[in-house]
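J.: Sharing a structure below in C-alpha cells format, with a few things to ask.
The values are calculated or read from the model by the stated rules, or taken from the named source; none is laboratory data. Everything quoted here is computed from the prediction, not taken from an experiment. Backbone-built Cβ (ideal geometry, glycine too); neighbour counts: all protein chains shown.
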2 protein chains.
Amino acid sequence: MSAFGFAVEATSGKARAGRLETAHGSVSTPVFMPVGTQATVKAMTPEMVASTGAPIVLANTYHLMLRPGAERIAGLGGLHRFMRWPGPILTDSGGYQVMSLAKLRALDADGVTFASHLDGSRHRLTPERATEVQHLLDATITMQLDECAPWPIEEQAARASMELSLRWAERSRRAFEVRPGYGQFGIVQGSIFEDQRRASAEALRKTGFEGYAIGGLAVGEPRDVMLRVVEATCAHLPADQPRYLMGVGKPEDLVGAVLRGIDMFDCVLPTRSGRNGQAFTARGPVNLRNARHRDDPRPLDEESACPAARDYSRAYLHHLAKCDEILAAILLTWNNLFFYQELMRRLRAAIIGADAEGTAAAFLDRYASGDLPER
Amino acid sequence: MSAFGFAVEATSGKARAGRLETAHGSVSTPVFMPVGTQATVKAMTPEMVASTGAPIVLANTYHLMLRPGAERIAGLGGLHRFMRWPGPILTDSGGYQVMSLAKLRALDADGVTFASHLDGSRHRLTPERATEVQHLLDATITMQLDECAPWPIEEQAARASMELSLRWAERSRRAFEVRPGYGQFGIVQGSIFEDQRRASAEALRKTGFEGYAIGGLAVGEPRDVMLRVVEATCAHLPADQPRYLMGVGKPEDLVGAVLRGIDMFDCVLPTRSGRNGQAFTARGPVNLRNARHRDDPRPLDEESACPAARDYSRAYLHHLAKCDEILAAILLTWNNLFFYQELMRRLRAAIIGADAEGTAAAFLDRYASGDLPER
C-alpha cells in the first residue's frame, strides 16, 4: 500500500498537471470523477466506466448510509468490492444531500438530524459520524462534513455558515483515522466573499488535510463569479496539495477552472444528461431528441473514440431516446463520460506541453461552433 | 449470400438439433431468440446480446412501423445496420401487438385498422402491408399476418379465426418476395383444437413456406394443454423445415417443447424479468428484491459463465434492484439471456449426444431444487 501523496508534475500558467498516489492506485490530474451516487455510475457497468479512462469515481455517503447502510457495506468488504471498482473512490460527507434531499432536517452546532427521503426514518449526521461512515465504506478520499450555504446569501449568514464548517472540519479531522494511501479533504466555504474564502482556506490549512476542496459554488451564481472565487481561493491553497472543485460542471466550466489551478472535479451533468437525451460532442452539446436527427445516418461525434459516439447512427440514438429505451441512457452516458475524460486528458497533455491556454481556447472555440449542419 | 436453408443434424426422440442457413449467418437450433421490440433488446448493447451466444434476435413490426417507421429504417439501410445487429433478425407480423396494444382496432376480412397506442394516429395492416413492412425492415425471416385468437375461445370462433389466418397466409405468401437467404414462416392457428391445428398445418404446407410457426399458444391455457397441442401440431409439420413456437416461454416450457420437436422460440420473459429483479439460475428463479440476499456475498449463479452471474455479489444485485438502478436491469437481463442461451446449447449438445430426455430431466430436477440455502 503506497502513501497518499500528490505531486505537481507540470504547470502552464496557473494550470497544473499532477499525480495522486493512493492505496487504490494513482490518478493523473486534472481529473473528472464520474458520480456513482448509489454505488453505481448510473446506466454503466464498471467496465464501461473504466473504458472511458476514468481513474477514480465518487459515491454518496448520504445515499449509502441510508441504503444499503455503511455497516452492511463494511461487512461485505467495503465499497470497492461491493461495486466492483478496485480503483480510488472519493465519498462526499453527506452534508449536501441532507440539505437538498432529506426532509425535516434540523441543523445544530453539533450536527444535523434529518428524516430519510426514502422512508422517513430519522438519522443523525455529525462530523464524527460522517467520518466514521466513510471509513466503513473504505473511501480512499474522505470529505469533511460541511454546510453548503445557498446562493444568494447575506455576508453575515455566509460567515456564520463558513465558521460552522470550520469547526466541523476540525472535528472531522480528529475523527479521521490516518492510514497509508488514504486521505481526507477539508472544504473551503465562504460563498462569493473572497475574504471569507481566504479565512476558510487558511484555517483549514492550519488543521491540515491531504487535500482541499472548494464547496458552495455552482449553486446558482453567475459563471464569472464562480471563476473569480475559484481563482481567489486557489491563491490561498497549498501549491503541493490537490484542489477539488465540488459539483462542477459544464465542459467550459472545467476548462475555466483548470486554467485557474483546479485539479479535481465531479458533477452529475454527463450522467444525468445522458439519461435525458443530451450528448456532449466536440462541437458542443447535442439534443438527440431533436427531430433533426431522425434520418441522420452519421455518427454522433466522429472525433470521439468512444464506441457510442462512433458506431451508432444519430437516427438510431434519436429513436432510442424518443422511445425512452435503456440503451439510450447507456450509450449517451457512455459517450458523455468518455467526452469528459478525453477533455481532461487533452488539458493534461496541454499543461505538460506548456500550452494550456492555447488548447483551452481551441477547445472552447470548437465547442462553441455548433452541431454539424443538418443533412 | 447463401440460400435460406434448414437441415436437421441430429435427433433424440422427437427433439431435433438443426442448422438454419440465412443471408445473415447461420443459426444452430434449438434456439432462443431474444426480443428486441423497438430495435433494441432492452437494457443490452448489441455486444452484450452477442456475448450470450444468441445468434438471432426478434424485432416487432408493429412497434417499428409506428416508430421510427419502416420506410425510415429502409432509408437508413435496414434494421441490421440500424440496430447494429448484423446477424439474422426475425420480425413478427404486427398482428399480435395490434390485438394487445393498439386502440380502436377494427378487424375485417381484408386486414385490420387500428389507432396507434403512441399518438392515436390511424394505421392499416393487411397481409400485403405486413409483408411489405418486413421487407422494408430487411427481416431475415418474415412472419405472415395472422390473427391470434384469445383463450378460452369457442370451437366455431376458433375455426373462423384459423381460417381467416389461412387466407391471410396465402396473401402474405403472394406478397413475399423470394430472395436468397431470406425466408417467410406461416403460422399454425386453431387454439387448443387438434383437428383445427392439423387442418391449419396442412393448408399452410400447401401454400408453402420456408418454416412454420405455432401461434395462439401461451395465451393463458394450462401448461399440459400447451404441450399437448405442440406435440399434436408438430406431427403435421414437415420434418425438414424449422418449427417455431411463438411467445414461449419459461425455461421448463422450452425444455418440454424441444422434447416435442420445436426448433425456435422467443419470449420477453428473460428480458422483462431482468427489469423486475428476477433472475434465472441453475437452481430456479431468484427474486433479487427479496431481503434474504441483502447481506449475501455469494454470486448469483456459480454455475454460470456470465459475468453478471459470476462477478457481482447477491448483496450488490439486491441493492441495485431495490434502488431501481439501471445497472440492475442491465446485469439481470444479461444473466437471464445468458441462461436461456446456455439452456439451448445444453439441449442441443444432448440431442447430438442422443440423450435429450436424460439431460432435460437432469436440468428440470436441478431447476426445481430451489435457491441456495440462506446464509
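J.: For region B:263-279, indicate whether the set of residues that are crowded, with 22+ Cβ neighbours inside 10 Å and within 11 Å of another protein chain (Cβ to nearest Cβ) is non-empty.
T.: Yes, some residue in region B:263-279 is crowded, with 22+ Cβ neighbours inside 10 Å and within 11 Å of another protein chain (Cβ to nearest Cβ).
J.: Another one. State yes or no: is B:Y340 in contact with a strand residue (DSSP E or B) (Cβ under 7 Å, 6 or more places away or on another chain), aromatic (F, W, Y) and within 14 Å of another protein chain (Cβ to nearest Cβ)? So that I can check it myself, show each step before the final result.
T.: Working: in contact with a strand residue (DSSP E or B) (Cβ under 7 Å, 6 or more places away or on another chain): yes; aromatic (F, W, Y): yes; within 14 Å of another protein chain (Cβ to nearest Cβ): no.
Against the criterion (in contact with a strand residue (DSSP E or B) (Cβ under 7 Å, 6 or more places away or on another chain), aromatic (F, W, Y) and within 14 Å of another protein chain (Cβ to nearest Cβ)), B:Y340 does not qualify.
J.: State the number of residues belonging to region B:147-196 that are of a type in the set (K, R), over 28 Å from B:L137 (Cα atoms) and within 23 Å of the chain's Cα centre (by Cα).
T.: Count: 0.
J.: Can you pull out the residues in region A:167-190 that are buried (at least 24 other Cβ atoms within 10 Å of the Cβ), small (G, A, S) and in contact with a helix residue (DSSP H, G or I) (Cβ under 9 Å, 6 or more places away or on another chain)?
T.: Passing the criteria: A:A169, A:S172, A:G186, A:G190.
J.: For region A:309-321, what are the residues that are under 14 Å from A:R275 (Cβ atoms) and more than 7 Å from chain B (Cβ to nearest Cβ)?
T.: Answer for region A:309-321, where residues must be under 14 Å from A:R275 (Cβ atoms) and more than 7 Å from chain B (Cβ to nearest Cβ): A:L317, A:A321.
J.: Okay, next question. Does A:G87 qualify as being under 21 Å from the mean Cα position of the chain (by Cα), more than 14 Å from every other protein chain (Cβ to nearest Cβ) and at pLDDT 95 or above?
T.: Here the answer is yes, as A:G87 does meet what is asked.
J.: A further question follows. Consider B:T45 against the criteria (1) farther than 29 Å from B:R345 by Cβ; (2) surrounded by 21 or more Cβ atoms within 10 Å (Cβ to Cβ): it satisfies all of them except one. Which criterion is unmet?
T.: Unmet condition: (1).
J.: Got a sec? Which of A:T233, A:T333 is among the β-branched types (V, I, T) and either closer than 18 Å to A:P34 by Cβ or within 14 Å of chain B (Cβ to nearest Cβ) (or both)?
T.: Numbers: A:T233 fails: either closer than 18 Å to A:P34 by Cβ or within 14 Å of chain B (Cβ to nearest Cβ) (or both).
After ruling out the rest, the residue left standing is A:T333.
J.: Condition first: assigned to a loop (DSSP other than H, G, I, E, B), touching a Cys at 6+ places or on another chain (Cβ under 8 Å) and more than 10 Å from chain B (Cβ to nearest Cβ). Now tell me which residues in region A:31-66 satisfy that.
T.: Scanning region A:31-66 gives a single hit, A:T52.
J.: Quickly run through region B:7-32 and pick out the residues that are surrounded by 24 or more Cβ atoms within 10 Å (Cβ to Cβ), hydrophobic (A, V, I, L, M, F, W, C) and within 30 Å of B:V98 (Cβ to Cβ).
T.: Passing the criteria: B:L20, B:V27, B:V31, B:F32.
J.: Here's a follow-up. Having 2 or more residues that are more than 28 Å from A:G211 (Cβ to Cβ) and under 21 Å from the mean Cα position of the chain (by Cα) is the bar; report the strands (runs of 3 or more DSSP E) wholly within region A:239-334 that clear it. Spell out how you get there, then give the answer.
T.: Details: elements: A:243-245, A:264-266, A:278-281, A:284-287.
Because the criterion is at least 2 residues that are more than 28 Å from A:G211 (Cβ to Cβ) and under 21 Å from the mean Cα position of the chain (by Cα), the strands (runs of 3 or more DSSP E) in region A:239-334 that meet it are A:278-281, A:284-287.
J.: Looking at B:D224 and the list (1) without any contact (Cβ under 8 Å) to a residue 12 or more places away in the chain; (2) within 22 Å of B:P127 (Cβ to Cβ); (3) out of contact with any Ser or Thr (no Cβ under 9 Å at 6 or more places or on another chain), which single condition is not satisfied?
T.: Only one criterion is unmet by B:D224, namely (2).
J.: Continuing with this model, one more query. Does region A:73-84 contain any residue that is at pLDDT 95 or above and closer than 24 Å to A:E147 by Cα?
T.: Checking region A:73-84: not a single residue is at pLDDT 95 or above and closer than 24 Å to A:E147 by Cα.
J.: Name, by its number, the condition in (1) outside any loop (DSSP other than H, G, I, E, B); (2) in contact (Cβ under 8 Å) with a residue 40 or more places away in the chain that does not hold for A:S26.
T.: A:S26 satisfies every listed condition except (2).
J.: Continuing with this model, one more query. If we scan region B:100-113, do we find a residue that is touching a Phe, Trp or Tyr at 6+ places or on another chain (Cβ under 6 Å) and assigned by TED's automatic domain parsing to the domain that holds B:R223? Steps first, please.
T.: Keep residues of region B:100-113 that are touching a Phe, Trp or Tyr at 6+ places or on another chain (Cβ under 6 Å), which gives B:102, B:105.
From what is left, the residues that are assigned by TED's automatic domain parsing to the domain that holds B:R223 are B:102, B:105.
The answer is yes, given that some residue of region B:100-113 is touching a Phe, Trp or Tyr at 6+ places or on another chain (Cβ under 6 Å) and assigned by TED's automatic domain parsing to the domain that holds B:R223.
J.: In region A:293-312, what count of residues is obtained for those that are closer than 13 Å to B:R72 by Cα and surrounded by 15 or more Cβ atoms within 10 Å (Cβ to Cβ)? It would help to see each step written out before you state the result.
T.: To start, the set of residues in region A:293-312 that are closer than 13 Å to B:R72 by Cα comprises A:293-297.
Subset that is surrounded by 15 or more Cβ atoms within 10 Å (Cβ to Cβ): A:293-296.
Matching residues across region A:293-312 total 4.
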